[in-house]
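Notes follow the structure.
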């Protein structure tokens, strides 16, 4: 009986350390950076003629299909004037200036396309 206990203790002592060892991790090859990781330089702002009418979309009411625009002090778009909406340099919509005004803010109806807060607004 004592010999069996001794034999089983030796077997366990030999087998258990083999289970606890960590496997060797394979070495990974270095990979070229994926296109998503490459940082692109920012696009330069579009070149506009001097005195061009430019502003920003500050609020959008999708249900009412209108936007509130902000312009610099002294810039005054005319009522019913058509303005283009640009996002990242690409035209995404068109607005028509409405009569509502307050300080530097002007309301405009969304005629076509789409607009979001932060989009640029300028002459067509």
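Quick notes
- In region 80-122, the residues that are in a loop (DSSP other than H, G, I, E, B), exposed (fewer than 14 other Cβ atoms within 10 Å of the Cβ) and modelled with pLDDT of 90 or more: 80, 114, 116, 117, 118
- Meets criteria (surrounded by 10 or more Cβ atoms within 10 Å (Cβ to Cβ), at pLDDT below 65 and closer than 30 Å to residue 106 by Cα) for residue 48: yes
The values are calculated or read from the model by the stated rules, or taken from the named source; none is laboratory data. All values derive from a computational prediction rather than experimental measurement. For neighbour counting, all protein chains shown are included, and Cβ atoms are generated from backbone atoms with ideal geometry for every residue, glycine included.
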